[in-house]
Amino acid sequence: MVKVSVCIPVFNMAAFIGKAIDSVLAQSFSDFEVVVCDNCSTDGTRQILENYSDPRVKVFYNETNIGMTGNFNRVLEKSSGTYIKILEADDMLFPEALSWGVLMFEENPSVGLLSMEREVINTDGRILRKIPGAYQGKKNGSFVLDRFHKTGNSVGTPS
């Protein structure tokens, strides 16, 4: 069993999936697996996924398109980590993301949901806006959900 499973459900994201996986492989934290479930992509995503030989990258191909929710559930079913990080196929992680996330969970065992600081960028990599993490310090999951309801989705894709 690994400490963190980074779960990437993917469908037709050939333009981005390589950067998403590479951002995980570049983490300062090393006890992780990358679990990718391809939902019958037709745009070359499969060919990009087939180029990864790193044993930490585990790729599964659905026989039929099972829809977005089904693919999210499948990628979770295939994971084995103590902690789960959902990573959208067009997102990237900061190099310290997993280290920080594991530290926050282990220092605060009552936390059930964690959202990290993030930057929204365009296809050229230009930062459009910065969004703070929804969990900081000793705040708990109810704070995150309360903030979500009052200010919109500051959670993004949670861990």
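The values are calculated or read from the model by the stated rules, or taken from the named source; none is laboratory data. If you're wondering where the values come from, they're calculated on a predicted model, not measured in any experiment. Here the Cβ positions follow ideal geometry from the backbone for every residue, glycine too, while neighbour counts run over all protein chains shown. Ligands, DNA and RNA are excluded from the accessible area calculation, which covers all protein heavy atoms including side chains. Shrake-Rupley method; radii C 1.70, N 1.55, O 1.52, S 1.80 Å.
With the requirement that a residue be crowded, with 19+ Cβ neighbours inside 10 Å, closer than 26 Å to residue 44 by Cα and β-branched (Val, Ile, Thr), what does segment 67-117 give you?
75 - this is the single residue of segment 67-117 that is crowded, with 19+ Cβ neighbours inside 10 Å, closer than 26 Å to residue 44 by Cα and β-branched (Val, Ile, Thr).
Considering only segment 22-118, give the strands (runs of 3 or more DSSP E) lying wholly within it that have at least 1 residues that are at pLDDT 95 or above and closer than 12 Å to residue 9 by Cβ.
On the way: elements: 32-38, 57-61, 83-86.
Where strands (runs of 3 or more DSSP E) fall fully within segment 22-118 and carry at least 1 residues being at pLDDT 95 or above and closer than 12 Å to residue 9 by Cβ, they are 32-38, 57-61.
Need the failing condition index for residue 64 against (1) on the phi > 0 side of the Ramachandran plot; (2) open to solvent by 70 Å² or more (accessible area, probe 1.4 Å), just the number.
(1)
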